Amino acid sequence: MQFRMNQQHDVRLYSIVLALVLTGAFVLAGGPAAAKERSPSPESTALLGKLSQALADVAESARPSVVNISTTSTVTMEDNPHGDLFDDPFFRRFFGDQFGQGPGRKRSFKSEALGSGVIVSENGYILTNNHVVKDADEIKVILFDKREFKGKVVGTDPKTDLAVIKVNAKDLPVMRIGDSSKLKTGDIVLAIGSPFGLNQTITMGIVSAVGRSNVGIADFEDFIQTDAAINPGNSGGALVNSSGQLVGINTAIFSTSGGYMGIGFAIPVDMAKSVMDSIIKHGKVIRGWLGVSIQNLTPDLAKSFGIKQEKGALIAGVEKDSPAGKAGLKRGDFVIALDGKPVEDVTTLRNMVAGTAPGKKVTLTVVREQKEMTIAVTLGEFREKKMPAKKVDYDNALKGLTVQELSSSIREQAQLPEDLNGVIITGVAADSPAQGILQPRDVIMEVDQKEIKGLADYEKAVSTIKKHDTVLLLVYRGGASIYITIKE
């Protein structure tokens, strides 16, 4: 079929070319009808001229507010003591991939990276991506008029991949802030940034979709998807609407080649502004907290709970003494609205709660036992619960593993069932017997058929394993449990 389609295409193409050649010959021969020159109508010319001028005006108004960000950071790597000798395929064939990879001396070197940013205040505040300035020793900001300034990080928010930096300058050209909630699929947008270090590059496209989540870029995702060309170096730059207003911060691309493939993602300016204001005012992002574990509704769950609504978030667990617990929310409640605004799914509810100031009373509309009701909740302040990761260095098959307790926040982020017990793997050392077998995010449920409920159970079980013992593990991975054996 493909071959036939190509044949037909070639025949049509040949016919078109032949027609053009014959037409050209006829014109050269003085054919009266063909010799008449065709020109676009005045109406078409005027319309395209207005569109071109409008785009040029929008670009000209927005460009001065977008800056180039150049960062320098120190990277430490370990040398191979044998040099490049054992990188030779000949040696690896006989001695194996691990041969010659003993510890070497550490060397530090400077690494440079490029990105973009948007001026959001006259006194020097600039909005960009967290990954643009992360671990930077020096930040250089180049303005539209070629002036250069040293940048200082005011605050960062890895959960949204946003950061605010500041330069010591005044009377800067400020980008006008738009309303990203009004964006619709098909709206024309311009992406402005410094791809590959080419300052003030502008590309045009449309909004391909709004509300994209589960992309895997950040914890809080509500991305604008666009086909405006975004390339490396565009990160932190501006996505502007047809009025020249900032509607998004360009953040990432979907690509298998590292370059433009027609899919780019931008953080909505509504979310970016909320994060920015909190960073400038408090030096960090302050978020609302409800205190529940939530999951999306599946057809089987809907049938089990008798829920007819298709959109919402199912509460799988309620933390003790949390705002949700004090308000009377229960496991099995299905949240369909917050302050009258519909809850589409887990991501929507999480973003709504996080974007609400702690201490504010909100009204949740929930479905409980097939009845709709409203519950008032006073939100608390979200505080990251950092459970200490523990590396167990026993001399047996499980040496080199770093594990952590299953907290409610980890369960939610990793989308783990509420009734799942065990410890989650956060790291596997290169010299661990489990390297290539176990992986981060695996949950160890049993060790040698002993149930693991937490770190205490895990340490007790691992301490009884001898050096050359083969260990039987029950591991939860990718939505299912599997048995795995490991030996040193």
Residue ID - farthest from residue 163 (Cα to Cα), chosen from residues in the stretch 102-122 that are open to solvent by less than 100 Å² (accessible area, probe 1.4 Å) and modelled with pLDDT under 90 | 102
The stretch 174-190 - residue that is farther than 27 Å from residue 341 by Cβ and in a loop (DSSP other than H, G, I, E, B) and, of those, most open to solvent (accessible area, probe 1.4 Å) = 174
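Taking the options 460, 466, 453, 487, name whichever one is within 32 Å of the chain's Cα centre (by Cα), open to solvent by 10 Å² or more (accessible area, probe 1.4 Å) and among the basic types (Lys, Arg).
453
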Within the stretch 140-164, track down each residue that is open to solvent by 10 Å² or more (accessible area, probe 1.4 Å), among the hydrophobic types (A, V, I, L, M, F, W, C) and in a strand (DSSP E or B).
-> 142, 149, 153, 154
Just wondering, is there one or more residues in the stretch 306-318 that are more than 23 Å from residue 159 (Cα to Cα), open to solvent by 70 Å² or more (accessible area, probe 1.4 Å) and either within 28 Å of the chain's Cα centre (by Cα) or small (Gly, Ala, Ser) (or both)?
-> yes
Could you tell me whether the stretch 165-173 includes any residue that is in a strand (DSSP E or B), in contact (Cβ under 8 Å) with a residue 60 or more places away in the chain and open to solvent by less than 30 Å² (accessible area, probe 1.4 Å)?
-> yes
Within the set of pairs 6+ apart or on separate chains, which have a first residue in the stretch 404-433 that is open to solvent by 30 Å² or more (accessible area, probe 1.4 Å), a second that is in a helix (DSSP H, G or I) and not aliphatic (A, V, I, L, M), and C-beta atoms under 9 Å apart?
-> 412/350; 417/411; 418/408; 418/411; 421/457
List pairs: first in the stretch 195-206 and on the phi > 0 side of the Ramachandran plot, second open to solvent by 60 Å² or more (accessible area, probe 1.4 Å) and of a type in the set (A, V, I, L, M, F, W, C), Cβ under 7 Å, 6+ apart or cross-chain?
-> 197/114; 200/144
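The values are calculated or read from the model by the stated rules, or taken from the named source; none is laboratory data. Worth saying up front: this structure is predicted, and the values here are computed from it rather than measured. With ideal geometry, Cβ positions are generated from the backbone for all residues, glycine too; neighbour counts draw on all protein chains shown. SASA here: full protein model, heavy atoms, side chains in, ligands and nucleic acids out. Shrake-Rupley method; radii C 1.70, N 1.55, O 1.52, S 1.80 Å.
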